[in-house]
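A quick write-up on the structure given underneath.
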Amino acid sequence: MTVGEMLVATVPMARTLNLEFLETTPERAVVRLPDQADYHNHVGGPHAGAMFTLAESASGAIVIAAFGDQMSRAVPLAVKAEIGYKKLAMGEVTATATLGRPIADVVAELDAGQRPEFPVAVEIQRADGAVTGEMTVVWTLRPNG
């Protein structure tokens, strides 16, 4: 099962919004929100809450791809998120997430008994390539037990 398939199977909001996980690697996650009238706002584009969920889902996908091998000893948790809406989004939108710290540094902190935190940057784009939003999600790996 791919990271995207696992997230769709286990995260109800990903299913509800019909998110499409296009790429999920430790280096990058790309997730698309199809254009769906049920999730439009008052100006006919994707609702801000749907775009937040899209971007947060992309951040979660890269976290699972990068740290999936650590899940037996730690659980990933979002600590905080900040989003900026830059331009009007219309039609389908795509979120691209990238890790803000090297994987090895985060794992080294976990190995040292710490609870590492790391940012994930997400860019939301319309089909024409215009950036409509930017989000940063700070994640942690909370050690089990």
(request) Could you tell me whether any residue of region 88-95 is without any contact (Cβ under 8 Å) to a residue 60 or more places away in the chain, not in a strand (DSSP E or B) and not small (Gly, Ala, Ser)? (result) yes
(message) Residue pairs, Cβ under 7 Å, 6 or more apart or interchain, first in region 33-45 and among the aliphatic types (A, V, I, L, M), second open to solvent by 60 Å² or more (accessible area, probe 1.4 Å). List them.
(response) LEU33/GLU92; VAL43/LEU88
(request) Please go through region 97-119 and pick out each residue that is out of contact with any strand residue (DSSP E or B) (no Cβ under 7 Å at 6 or more places or on another chain), of a type outside the set (Asp, Glu) and either free of Cβ contacts under 8 Å to residues at least 24 places away in the same chain or within 30 Å of MET51 (Cβ to Cβ) (or both). (result) PRO102, ILE103, ALA104, ALA108, ALA112, GLN114
(request) Kindly check whether there is at least one residue in region 85-97 that is surrounded by fewer than 22 Cβ atoms within 10 Å (Cβ to Cβ) and farther than 23 Å from THR136 by Cβ. (result) yes
(request) Scan region 70-103 for residues that are at pLDDT below 95 and within 18 Å of GLU5 (Cβ to Cβ) and jot them down. (result) MET71
(request) Report yes if PHE67 is modelled with pLDDT of 95 or more, of a type in the set (Phe, Trp, Tyr) and not in a helix (DSSP H, G or I), otherwise no. (result) no
(request) Quickly run through region 106-145 and pick out the residues that are part of a strand (DSSP E or B) and open to solvent by less than 10 Å² (accessible area, probe 1.4 Å). (result) PHE118, VAL120, VAL122, ILE124, THR132, GLY133, MET135, VAL137, THR140, LEU141
(message) For region 26-47, which positions are open to solvent by 40 Å² or more (accessible area, probe 1.4 Å) and either hydroxyl-bearing (Ser, Thr, Tyr) or not in a strand (DSSP E or B) (or both)?
(response) PRO26, GLU27, ARG28, ASP35, ALA37, ASP38, TYR39, ASN41, HIS42, VAL43, HIS47
(message) So, in region 72-84, exactly how many residues are part of a loop (DSSP other than H, G, I, E, B) and either among the small types (Gly, Ala, Ser) or open to solvent by less than 60 Å² (accessible area, probe 1.4 Å) (or both)?
(response) 1
(request) Scan region 120-145 for residues that are more than 24 Å from GLY45 (Cβ to Cβ) and free of Cβ contacts under 8 Å to residues at least 40 places away in the same chain and report the count. (result) 1
(message) in a strand (DSSP E or B), within 25 Å of ARG126 (Cα to Cα), at pLDDT 95 or above and open to solvent by less than 40 Å² (accessible area, probe 1.4 Å): is that true of THR53 in this structure?
(response) no
(request) Take the residues in region 1-23 that are part of a strand (DSSP E or B) and touching a residue at least 12 places away in the same chain (Cβ under 8 Å), then tell me which one is most open to solvent (accessible area, probe 1.4 Å). (result) LEU22
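The values are calculated or read from the model by the stated rules, or taken from the named source; none is laboratory data. The model shown is predicted, which means the values in this text are computed figures rather than measured ones. Positions of Cβ are backbone-derived with ideal geometry, glycine not excepted, and every protein chain shown enters the neighbour counts. To get the accessible areas, we keep the full protein, side chains included, count just its heavy atoms, and leave off ligands, DNA and RNA. Shrake-Rupley method; radii C 1.70, N 1.55, O 1.52, S 1.80 Å.
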